[in-house]
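The values are calculated or read from the model by the stated rules, or taken from the named source; none is laboratory data. Here the structure is a predicted model, which is why all the values come from computation and not from measurement. Cβ placement follows ideal geometry from the backbone for every residue including glycine, while neighbour counts extend to all protein chains displayed. With ligands, DNA and RNA removed, areas are computed over all heavy atoms of the protein, side chains included. Shrake-Rupley method; radii C 1.70, N 1.55, O 1.52, S 1.80 Å.
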Amino acid sequence: VSPGAFVTSTNIIASIQQLDRIKVDFTLPEQYGNIIKKENTVDVEIDAANQVKNKAKIIAIEPQINQNSRNLLVRTVLQSGAANPGAFVKVYVQSGIDKKAIMIPTNSIIPDDKNNQVVLIKNGRASFVSVQTGLRLSNNVEITKGINPGDSVVVTGVLFVRAKSPVQVRSVKKLEDLGK
């Protein structure tokens, strides 16, 4: 506002931000609604460069699911750390179950009209196996049924493999090595 300007009650002159109790709102797919509870905590990554996670306490959950996105709205309050209001953060929600999961890269799954398949290597030959998937991460998916720990899964060249055909393995990598 300049000196001499006409100001009414509808003009916004300044905005006030509360910096000691930053609220973080995020959405969560409805299928995970049973693991979110009021008063629980989630991890919030404020600065992606430092990858430091701070705790945030859940203070409210919108009871109605968004009809368009099928997501729940969750509000938390950051317990420590400094963030700028309106900034982008990553929220990590613990599923509450501490289990060992079989994870494979998402690009190794062959979707079908009825089920999902992966290609396993058994005795040097390709074997197509139907699998059931669980939780999805950005690059990996949990396999709940169909393969066992230690099975070799074809990750690249999946579309060129034929059932029971011989497969030449060029390299073997563990899941944690695929991101490198």
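For this structure, a couple of remarks:
- Of the residues making up the stretch 1-49, those that are polar (S, T, N, Q), assigned to a loop (DSSP other than H, G, I, E, B) and surrounded by 10 or more Cβ atoms within 10 Å (Cβ to Cβ) number 1.
- Within the option set Lys57, Lys100, being under 21 Å from Lys38 (Cβ atoms) and either within 21 Å of the chain's Cα centre (by Cα) or at pLDDT 90 or above (or both) holds for one residue only, Lys57.
- Of the set (1) without any contact (Cβ under 8 Å) to a residue 24 or more places away in the chain; (2) open to solvent by 90 Å² or more (accessible area, probe 1.4 Å), all apply to Lys53 but (1).
- For the stretch 108-138, a residue qualifies if it is touching a Ser or Thr at 6+ places or on another chain (Cβ under 9 Å), in a loop (DSSP other than H, G, I, E, B) and closer than 26 Å to Ser165 by Cβ, and the qualifying residues are Ile109, Asp112, Lys114, Asn115.
- Residue in the stretch 154-164 that is in a strand (DSSP E or B) and free of Cβ contacts under 8 Å to residues at least 60 places away in the same chain present: no
- Residues being in a strand (DSSP E or B), open to solvent by 60 Å² or more (accessible area, probe 1.4 Å) and touching a strand residue (DSSP E or B) at 6+ places or on another chain (Cβ under 8 Å) are entirely absent from the stretch 94-107.
- The set of residues in the stretch 69-93 being among the polar types (S, T, N, Q) and either more than 15 Å from the chain's Cα centre (by Cα) or part of a loop (DSSP other than H, G, I, E, B) (or both) consists of Ser69, Thr76, Gln79, Ser80, Asn84.
- Only one of the listed residues (Gln79, Gln117, Gln132, Gln168) is closer than 29 Å to Lys55 by Cα, of a type in the set (S, T, N, Q) and either open to solvent by 40 Å² or more (accessible area, probe 1.4 Å) or touching a residue at least 24 places away in the same chain (Cβ under 8 Å) (or both). That residue is Gln79.
- Flag for Val44 being touching a strand residue (DSSP E or B) at 6+ places or on another chain (Cβ under 8 Å) and in contact (Cβ under 8 Å) with a residue 60 or more places away in the chain: no
- Residue in the stretch 139-149 that is hydrophobic (A, V, I, L, M, F, W, C), more than 24 Å from Asp43 (Cβ to Cβ) and assigned to a strand (DSSP E or B) present: yes
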